[in-house]
Amino acid sequence: MGAFALIKESAFNFIEPIKQSLQQQGFTQQISLSRKGFELIICPKQATSATNYYENSQCNFCVSLGTLTYQGLHGKPGLKALLDDFNKRPVPHNRFYGTFCVLIYNNTVDTFMQQ
């Protein structure tokens, strides 16, 4: 199981308490991403080595929770493929499998997608 916390700028005073709460829940490894207007705290999965975060050279990223398979790929390769396809609208939804939550950031477009 992994976790993430998306904190908008007006709630930045809660960042440290959220990090402490996540640590108390066993999420000792945390990745913090700061972008204009928000901070994202990503906690890698605890029970598996599958990566739940991918960031490209343009600082765009894709984060997932749950079990996500995209185009037959999971972990970092699946997230990379999803982020690459995100710009090729529409995203082919028939290539998703699993129970998951995905957060995609593409410089100016924020999309929160659940299945």
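Among the numbered criteria (1) under 15 Å from Ile104 (Cβ atoms); (2) out of contact with any Leu (no Cβ under 8 Å at 6 or more places or on another chain), which one does Ala50 miss?
(1)
Taking the criterion of being part of a strand (DSSP E or B) and under 14 Å from the mean Cα position of the chain (by Cα), would at least one residue in the range 13-30 satisfy it? Reasoning before the result, please.
Looking only at the range 13-30, we keep the residues that are part of a strand (DSSP E or B), and these are none.
No, because not a single residue in the range 13-30 is part of a strand (DSSP E or B) and under 14 Å from the mean Cα position of the chain (by Cα).
Which ranges mark the strands (runs of 3 or more DSSP E) fully within the range 48-115 that have 2 or more residues being modelled with pLDDT of 90 or more and surrounded by 12 or more Cβ atoms within 10 Å (Cβ to Cβ)? Explain how you work it out, then say what you get.
On the way: elements: 53-55, 61-70, 96-106, 109-114.
Filter on the range 48-115 gives 53-55, 61-70, 96-106.
Tyr105 passes all but one of (1) within 13 Å of Gly2 (Cβ to Cβ); (2) touching a residue at least 60 places away in the same chain (Cβ under 8 Å); which number fails?
Single failed check for Tyr105: (1).
Yes/no matrix, rows are residues, columns are (1) touching a Gly at 6+ places or on another chain (Cβ under 8 Å); (2) touching a residue at least 12 places away in the same chain (Cβ under 8 Å); (3) acidic (Asp, Glu):
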| site | (1), (2), (3) |
| --- | --- |
| Ala3 | no, yes, no |
| Phe12 | no, yes, no |
| Ser34 | no, no, no |
| Thr48 | no, no, no |
| Thr51 | yes, yes, no |
| Asn60 | no, yes, no |
| Leu65 | yes, yes, no |
| Thr69 | yes, yes, no |
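The values are calculated or read from the model by the stated rules, or taken from the named source; none is laboratory data. A quick note: this is a predicted structure, and the numbers were derived from the prediction, not measured. Positions of Cβ are backbone-derived with ideal geometry, glycine not excepted, and every protein chain shown enters the neighbour counts.
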